[in-house]
1. Taking 35 Å as R0, compute the FRET efficiency from the Cβ-Cβ separation of C:K189 and B:K223 and round it to 0.05.
2. Would you work out the relative contact order for chain A, in percent, from Cα pairs under 8 angstrom that are 6 or more residues apart?
3. To test your reading of the geometry: what angle, between 0 and 90 degrees and rounded to tens, separates the Cα axis of helix C:71-81 from the longest principal axis of chain C?
4. Using a Cα-Cα cut-off of under 27 Å, which lysines could be cross-linked to B:K325, ignoring same-chain neighbours fewer than 8 residues away?
5. Please report the relative contact order for chain C, taking Cα pairs under 8 Å with a sequence separation of at least 6, and give it as a percent rounded to a whole number.
6. Of C:K183/C:K221; A:K35/C:K215; B:K23/C:K79; B:K73/C:K8; B:K50/B:K73, which pairs sit farther than 19 Å apart, going by alpha carbon to alpha carbon?
7. Mind putting a number on the dipole of the stretch B:216-325 about its Cα centre? Charges go on the C-beta only, +1 for Lys and Arg and -1 for Asp and Glu, and I need it in Debye to the nearest 20.
8. Any chance you could run the full-extension gain for C:D10 through C:R258? It's 0.36 nm times the residue separation minus the Cα-Cα distance, nm to one decimal.
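Where a number appears in this text, it was derived from the coordinates with a stated rule and is not lab data. A quick note: this is a predicted structure, and the numbers were derived from the prediction, not measured. For neighbour counting, all protein chains shown are included, and Cβ atoms are generated from backbone atoms with ideal geometry for every residue, glycine included.
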Amino acid sequence: MSKYSVAVNGKWCKSCGICVAYCPKKIFALTAKKKMIVEQEENCIGCKMCENRCPDLALTITKKEDKTNG
Amino acid sequence: MDNNKLLQGNQACAMGAIKAGVKFCAGYPITPSSEIMEILAEELPKVEGKFIQMEDEIASVGAIIGASVMGVKSLTPTSGPGFDLKQENIAFAAMAEIPVVIVDVQRSGPSTGGATICAQGDLMQAKYGRSGDCPIIALYPNSVKEIYKTTIRAFNLAEKYMTPVILLLDETIGHMRENINVDDYQDMEIINRNFPEESATDYLPYRPDESGVVRLVPFGNDKGYRYVISGMHHTENGMPSIAKNSIQNSIERINGKIDKNKEEIWEWEEIDTEDAETLVIACGCVSRSAVEAVKVARSKGYKAGLFRPITIWPFLDEPLKEALKNIKTVIVPEMNQGQLVHKINELINKDVKVVQLNIFDGSLIMPEQIIEVIEEACHK
Amino acid sequence: MSIRDYVKEDVFPLFTCPGCTHGTVINTFLRAADELKLDRDKTVIVCAIGCAGRTPTYLDFNVLRVTHGRALAFATGVKLARPDVKVIVFMGDGDALAIGGNHFIHAARRNIGITAVVLRNEIYGMTGGQYAPTTPVGAKATTAPYGMIEPSFDTCKLAASAGATYVARGDIFNLNNLYNVMKSALQHKGFALVEALTSCPIQFGRRNKVSDPAKMVQRIKNMVVTKAVAEKLSTEEQAEKFIIGEFVNTREIELTERYAKLLDINKKENEVVITMS
């Protein structure tokens, strides 16, 4: 499991594909209908490249709370 | 101390502006208006104000609108070709409802024309020089004393109605010296724009009050009022919108606030109009000759009178209609090819004869020339 | 705070076309503003017309959106009226360098305390793809159907030679550099210019066979080199590239500081009396 959660604001995202191309772990994908989806959230390494590159401020990467140390 | 002084018209304009509380002037050199900014460049630092000579006229009016957005009373002086350049940003001030004063010391045009040649060619431009249905207030004093107090009034109207105000001067009046005692105007009311009563959270910058006027909090305030000022059609929160009702509302309001309050904006002078049958209608330097002409005509037995608009825009429809009631002949002397006369023709019924006297060769219209027209018109 | 706290969420999404990276510059600006804890009540953003001019109206700041090309002229009045306020100007390349070129060089000459960001997307986007003074030679635009024949402006050299005391270039691929120069520009006292290379996949890209937004970003990546890399290139090779990084960073007396001095002198030398000569 990834330590990070990837939130997409569906109303702001225009599915331009910049995050798809520049995520080093390729966690995003475009569907056949060219809609952006998060395909492999578990691979997110929290580098925030997608969040910082997003021209529509539609992506937020947050660190999940560490529940094991409760 | 005797404060009786001999002042030039342009000087009186600068002094009136200081009295009104102007703290910022931006300008670009152009004859015959340059003295106004030269004097303000010297005087403003003494009252902790600032002057800047910008790179052109467009920048000058832009800079004063920027300063006014910060709550600072601002002015830019110019003349013909510079007035042309300023129009787009004057329209911005009208649309975004930012109070500023633009002084146009008229010179002979079109184009470069004659820099020191007196002419009255910008009356229509003051009203119609911009695209869209752009509202404006324009004032037209005819003496050094009147320039002083009308400059103050220009700021008062700008601040009260949140709108640009144009002060039209004639080259001759701008450069003429007359006696004035500014102490006489010590008690003139100085109006400053109103601020909203509601808190920042409830604030809608473009929601007008009962009189149709908006209350814009200066940017840079520490009370959390944050909003957008834009020349686009906008909603009450200032955000651009081209929804039908936003367009309709914004055009109606910016024009309506002037129209609704025109009685307070109007100022004019009438001489011997009570029983007059011949009415001379003139403004600026021409009206000075007209005063003399009417006096002489009266002494010769002609029932002549003078109607002198001091507020040019919004036009004095009702007061002029009233003054025209028993008039048989109207004489309109102007130092242009006939501009004021168009508005007069709109108001006149067919039985009234309108005689134009248009001299635009740079020479001033003399009382004798107006008397001649009065005599001719009355004998026909 | 999150950068979302600096935008008007109720008016989002941004009006921009899919893949327009003007938003990436805004994103970077907001991160820098957040890091610097910019006081929004003491900040005025001035912008004008076009895609770059419209974007800042979506920010929760005091925003003055003016006539095409005139943002710096209005901003000059804003700054002189209130020197304590931070003034930030966002302009497009047509806005800053074509219609507003005169204001651009004079604001730089005056060294007035304004942070100016020029978003260089090499085209007039909002009006439908006409060529800009930054459109590369050979590129197509609606008004250059046979390819652009005019040379482009070097915004940074222009600003530097006009007297700007902070000059830097960034781009929407190398975001660390863009973030750093944006931060430095916002902290600079004097006229600070950041040129940000952005991509317009619709009006520029579609006409020039790179309509994919990600490929447009790649195109920018290929256009730029860091100063360190540029030093190893020949003059001809350098001319093909945009060098990114800081070019000028000096501290000269700023215009409102000069004015404050002048007012001080006047206070001492003159009574506050209006002379009547």
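1. The formula returns an efficiency of 0.85 here.
2. Relative contact order comes out at 44 percent.
3. Approximately 20 degrees, to the nearest ten.
4. Straight-line reach from B:K325, under 27 Å: B:K127, B:K260, B:K262, B:K295, B:K300, B:K303, B:K343, B:K350, B:K353, B:K380.
5. Over chain C, the number comes to 17 percent.
6. Checking Cα-Cα distances, C:K183/C:K221; B:K73/C:K8 exceed 19 Å.
7. The calculation lands at about 340 debye.
8. Full-extension gain reported as 85.1 nm.
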